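*Asks:* Take this structure, written in structure tokens, and hold onto it; I'll ask about it next.
The values are calculated or read from the model by the stated rules, or taken from the named source; none is laboratory data. Small disclaimer: the values here were computed from a predicted structure and weren't measured. Cβ placement follows ideal geometry from the backbone for every residue including glycine, while neighbour counts extend to all protein chains displayed. Keep in mind that these areas ignore ligands, DNA and RNA; they rest on the heavy atoms of the full protein, side chains included. Shrake-Rupley method; radii C 1.70, N 1.55, O 1.52, S 1.80 Å.
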Amino acid sequence: MAISPQTLAFVFGLLGNIISFMVFLAPLPTFYKIYKKKSAEGYQSVPYVVALFSAMLWIYYALLKTNATFLITINSFGCVIETLYILLFIFYAPTKLRFQTAKVILLLNVLGFGLMLALTMVLAKGEKRLKVLGWICLVFNLSVFAAPLFIMGKVIKTKSVEYMPFALSFFLTLNAVMWFFYGLLLKDYYIALPNVVGFVFGIIQMILYVIFKNCGANKGNNNIPIKDQAAAVAKPPQLHELSEQIIDAVKLGTMVCTELNPVAVLQPNVDVVDVVVEAVIDNIQKKKDQDIITN
């Protein structure tokens with residue numbers, strides 16, 4: 001007995017929700033560190049603000065479409081969790097970062113979304129409104145694929161896959177497959193088409209991983225001048241920001257309906273950066289104290 005397209009769409013939508021649910025929980029280690037430090041200095045709120053905007057867009061689109069329940073369920077959860085992330089960030093952020101975050105939210109999530117909502121309500125009716133909104137969602141989600149491009153460029157430049165673990169790339173690709181078939185079976189190409197790009201980028205990332213996975217092991221610090229090593233750790237918050245924002249950038253790159261980023265994959269990379277930075281800072285501080293005592 002043949003399986004109907006509606007049944008297959010249900011299966012792929014359910015799997016997409018499960019995978020995307022994990023991605024919304026992926027930043028939890030980041031915010032646990034912010035909570036422990038009682039400070040969000042060195043981190044950025046933009047990935048979470050953009051993720052919230054994406055979820056808002058897809059909820060609006062799904063409500064107009066009327067038969068995309070899985071889009072509503074996962075993006076409703078996304079709106080809630082991203083809002084909590086942003087509130088926690090603002091609570092622990094320095095004053096300057098708070099104002100920057102508030103400005104981005106006002107421009108993107110309030111004025112931007114409000115203007116888009118008003119224009120589509122006034123200038124487009126019925127099926128035309130759905131098509132206009134579909135194109136807006138499609139173009140927006142294609143634009144956030146600049147994040148994986150950044151990661152791939154960094155891998156090629158540094159010949160290191162530190163910030164692009166294979167499991168992450170694999171699940172990014174799997175996520176794109178799930179939402180592609182969900183959109184295809186619903187004959188909704190606004191959902192399906194961006195995920196073609198996601199699938200291609202995921203395959204390229206896995207290929208790059210295979211090519212460069214052993215390069216990092218052959219590279220040491222012996223060829224790096226001591227003054228350059230000291231300069232590299234002079235501003236530890238920037239290293240925290242780099243590691244966290246690279247991870248969150250990857251997360252944003254899969255936002256066709258939501259993102260994917262398994263927590264278990266992300267945490268080891270962040271911990272490695274933290275351990276190295278803290279060890280080097282301690283050594284430098286001890287050397288300074290010894291110099292002071294000697295003088």
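*Asks:* For V161, work out the one condition from (1) hydrophobic (A, V, I, L, M, F, W, C); (2) without any contact (Cβ under 8 Å) to a residue 12 or more places away in the chain; (3) outside any helix (DSSP H, G or I) it doesn't fulfil.
*Replies:* (2)
*Asks:* Further, regarding this structure: Just checking, which of F53, F77 is aromatic (F, W, Y) and in contact (Cβ under 8 Å) with a residue 60 or more places away in the chain? If you could, list the steps in order and put the result at the bottom.
*Replies:* Details: F77 fails: in contact (Cβ under 8 Å) with a residue 60 or more places away in the chain.
Selected residue: F53, the only one of F53, F77 that is aromatic (F, W, Y) and in contact (Cβ under 8 Å) with a residue 60 or more places away in the chain.
*Asks:* If I go through region 92-119 residue by residue, how many of them are free of Cβ contacts under 8 Å to residues at least 12 places away in the same chain and either out of contact with any helix residue (DSSP H, G or I) (no Cβ under 6 Å at 6 or more places or on another chain) or farther than 20 Å from S39 by Cα (or both)?
*Replies:* Final tally of qualifying residues: 12.
*Asks:* What is the one condition in (1) open to solvent by less than 40 Å² (accessible area, probe 1.4 Å); (2) modelled with pLDDT of 90 or more that L107 does not satisfy?
*Replies:* Every condition holds for L107 apart from (1).
*Asks:* Moving to a separate point now. Hey, does region 190-199 have a residue that's surrounded by fewer than 19 Cβ atoms within 10 Å (Cβ to Cβ) and more than 17 Å from the chain's Cα centre (by Cα)?
*Replies:* Yes, some residue in region 190-199 is surrounded by fewer than 19 Cβ atoms within 10 Å (Cβ to Cβ) and more than 17 Å from the chain's Cα centre (by Cα).
*Asks:* Of these, L71, L84, which one is in contact with a Phe, Trp or Tyr (Cβ under 9 Å, 6 or more places away or on another chain) and over 17 Å from L25 (Cβ atoms)?
*Replies:* L71
For (1) over 28 Å from L97 (Cα atoms); (2) within 17 Å of the chain's Cα centre (by Cα), each residue gets a yes or a no:
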residue: F31; (1), (2): no, yes
residue: K36; (1), (2): no, no
residue: A51; (1), (2): no, yes
residue: I59; (1), (2): yes, no
residue: A62; (1), (2): yes, no
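*Asks:* Also, quick follow-up: Do any helices (runs of 4 or more DSSP H) lying entirely in region 7-101 carry at least 2 residues that are more than 22 Å from V139 (Cα to Cα) and open to solvent by 10 Å² or more (accessible area, probe 1.4 Å), and which ones are they? Lay out the reasoning, then the answer.
*Replies:* On the way: elements: 28-37, 46-65, 69-92.
Output list reads 28-37, 69-92.
*Asks:* So, in region 115-132, of the ones that are open to solvent by 100 Å² or more (accessible area, probe 1.4 Å) and not aliphatic (A, V, I, L, M), which residue ends up nearest to W58 (Cα to Cα)?
*Replies:* K131
*Asks:* Another question, then. Counting only residues that are open to solvent by 60 Å² or more (accessible area, probe 1.4 Å) and basic (K, R), which one in region 152-189 is farthest from W135 (Cα to Cα)?
*Replies:* Within region 152-189, the match that is farthest from W135 (Cα to Cα) is K159.
*Asks:* Among the residues of region 224-235, is there at least one that is open to solvent by 60 Å² or more (accessible area, probe 1.4 Å), under 23 Å from P47 (Cα atoms) and modelled with pLDDT of 55 or more?
*Replies:* No, region 224-235 contains no residue that is open to solvent by 60 Å² or more (accessible area, probe 1.4 Å), under 23 Å from P47 (Cα atoms) and modelled with pLDDT of 55 or more.
*Asks:* Output the number of the condition that A146 fails; it satisfies all remaining conditions of (1) modelled with pLDDT of 80 or more; (2) exposed (fewer than 14 other Cβ atoms within 10 Å of the Cβ).
*Replies:* (1)
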